[in-house]
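Worksheet: the structure to be examined is printed underneath.
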Amino acid sequence: MVPQTVTTYQAQTKSRQVQVTVMKPVSEQQNYTYTEMVQVSKPVKQTETVYNNVQKQVAYNYTAYENVTEAVTQNVTRYQRVSKEVPYTYTVLQPVTTMQKQQRTSYKMVQEAQNYTYTEMTPVTSNQKQQRTTYQMVQQPETYTWTECVPTTTYQNRTYTTFRCVARVVQESVPCTHLVRVPVNDCSNGCGSPCDSCGSSSCGGCGSKHGLFHRGASYGGYGSGCGYTTQCVTEMRTVCRTVYDRIPETQTVSVPVTTYATVQKTGTRTISRCVPVTTEVVVPVTTYVPTQKNGTRTITKCVPTTEEITVPVVTCQPVQKSGTRTQVDCVPVTEQVTVNVVKCVPVQKTGTRTIVECVPSTREVTVNVVSCEAVQKTGTRTVTKYVPTQETRTENYTEMVPVTTTVMVPASTGCGECGNGCLTSSYGCGDCGSSYGHGGHGGRFHRHKGFSSGSSCGACY
């Protein structure tokens, strides 16, 4: 083992004082003049038109539909199921077994020895010189330029519009529709009298001799009761709703506006770069050489063997047979039935309804008209300015510092007799026969093997 000096680089943090320009705010009082819009109200006479709702009765004709029940005879067709016996013929497949001779082939496994040639890759190791590149960190100063944004604040007048909502009530007429129950004259005798008022024995009131769709009858046809229908009646009603008018109002205010100006500045910084360093080293390189060799292996083959065997074969033969089955047919039967049919007959009627008309009327009213007048005023405001100030600050930076250390590495002492560079072994030299023999090349990349009794020392190669 011999000592060797090795230089490495370590990152070390250091501090330094630098001059920095800082923008500090400074406030001062400033007088300014602004214009304020003052509202002035004046009474003005205006003419407005008002619409009043006037109701009046109007006669109108409408058509009502009344239900009329009639007895109608209709033909109804029904289907009846009739069963009968019907003969039929069907085919049945019966299996028939026969013995037949067939050829069957079977395979047997037979093993035999076979000679073959194969290629074996043999490793061969040799020492070769190669170029190795390493990178070292080198620090150097660099001048660079950066852009800094400096803020500037100014006050500007801005005008904005707001809307004020004023409520007012508006009256209007809207149609309203509702349902009204109206009794229906449904006497089946045709006398024209109201229900249960004709007194005829054949009529029997509303509770007797009515069809399936009769309305207003008592349960089971006993007692009496009149039928009712509904009618849609539309009338005008006055309602009030609130409407909001939007009145614009304009105001002028002074707001601070900040703008940024770019300033170019120059500084110095330390950068680290990787510098490549090329050295020549000796490394062992292993290559593989193909070698042809012969061998013997056992292979297995499939040998086919054919033999004749007798197997049963089943075939299906068709056989005709006869039978009887029950068949159901649907037979149509027509018969006459009497049903009650309800028809809707239109009837013209006259009624009276109330309508609302809007009658305009003009009147003179006095309203307040608001106008805005400009008034000049003077005030005081605080203005903030940014003043550049030089300050000294401490900043931290990283610097790569070289560190030198001494390490112990293995080295060759050489043969004492022939002078070859090999590690000294107690088994003698393979070149000169001396007891201080060497088995090959030593040095940093020297590798040891097991001991042997050959011509070399066996400690290295």
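The numbers here are math on the coordinates, done by the rules we state, and not lab data. Only a predicted model underlies this, so the values are computations on that prediction, with no experimental measurement involved. Backbone-built Cβ (ideal geometry, glycine too); neighbour counts: all protein chains shown.
Would you tally the net charge around Thr145, using a Cβ to Cβ cut-off of less than 13 Å, leaving Thr145 out, and scoring K and R as +1, D and E as -1?
Result for the neighbourhood of Thr145: 0.
So who's got an amide H within less than 5 Å of the one on Tyr155, skipping anything under 5 residues away but keeping other chains? H placed 1.01 Å off N, in plane.
Counting only residues 5 or more places away or on other chains, the set is Val257.
Report ³J(HN,Hα) in whole Hz for each residue of segment 283-299, in order, from the Karplus equation J = 6.51 cos²θ - 1.76 cosθ + 1.60 where θ = phi - 60°; Gly and Pro get x.
3J(HN,Hα) across segment 283-299, in whole Hz: 10, x, 10, 9, 10, 10, 10, x, 10, 7, 9, 10, x, 10, 9, 9, 10.
From the phi angles alone, apply the Karplus equation (6.51, -1.76, 1.60; θ = phi - 60°) to segment 4-14 and give each ³J(HN,Hα) in whole Hz, x where the residue is Gly or Pro.
In residue order, the calculated couplings are 9, 8, 10, 10, 10, 10, 10, 7, 10, 8, 10 Hz.
Quick one: 3J(HN,Hα) in Hz for segment 115-130, Karplus 6.51/-1.76/1.60 with θ = phi - 60°, rounded, Gly and Pro as x.
8, 8, 10, 9, 10, 10, 8, 9, x, 10, 9, 9, 8, 10, 8, 9
Please name whichever of Val345, Val387, Val281 sits farthest to the positive end of the charge dipole of segment 271-388, dipole taken about the Cα centre and charges placed at Cβ: Lys and Arg +1, Asp and Glu -1.
Final value for the positive-end residue is Val387.
If one puts a single equal scatterer on every Cα of segment 233-337 and applies the Debye formula without solvent, what log₁₀ I(q)/I(0) results at q = 0.11, 0.18, 0.22, 0.24 Å⁻¹?
The Debye formula, applied to the Cα set alone, gives -1.16, -1.29, -1.45, -1.40.
Given H placed on each backbone N at 1.01 Å, which residues far from Ala411 in sequence or on other chains put an amide H within less than 5 Å of it?
Answer set, sorted by chain and number: Val2.
By per-residue mean of other Cβ atoms within 10 Å, what is the highest-first order of 99-108, 394-403?
Ranked by mean Cβ neighbours within 10 Å, highest first: 394-403, 99-108.
Using C-alpha positions alone, give me the convex hull volume of segment 1-109 per residue in cubic angstrom.
Expressed per residue, the convex hull around the Cα atoms of segment 1-109 is 1085 Å³.
Please report the net charge: other residues with Cβ closer than 11 Å to the Cβ of Asp329, K and R +1, D and E -1.
Net of charged neighbours comes to +2.
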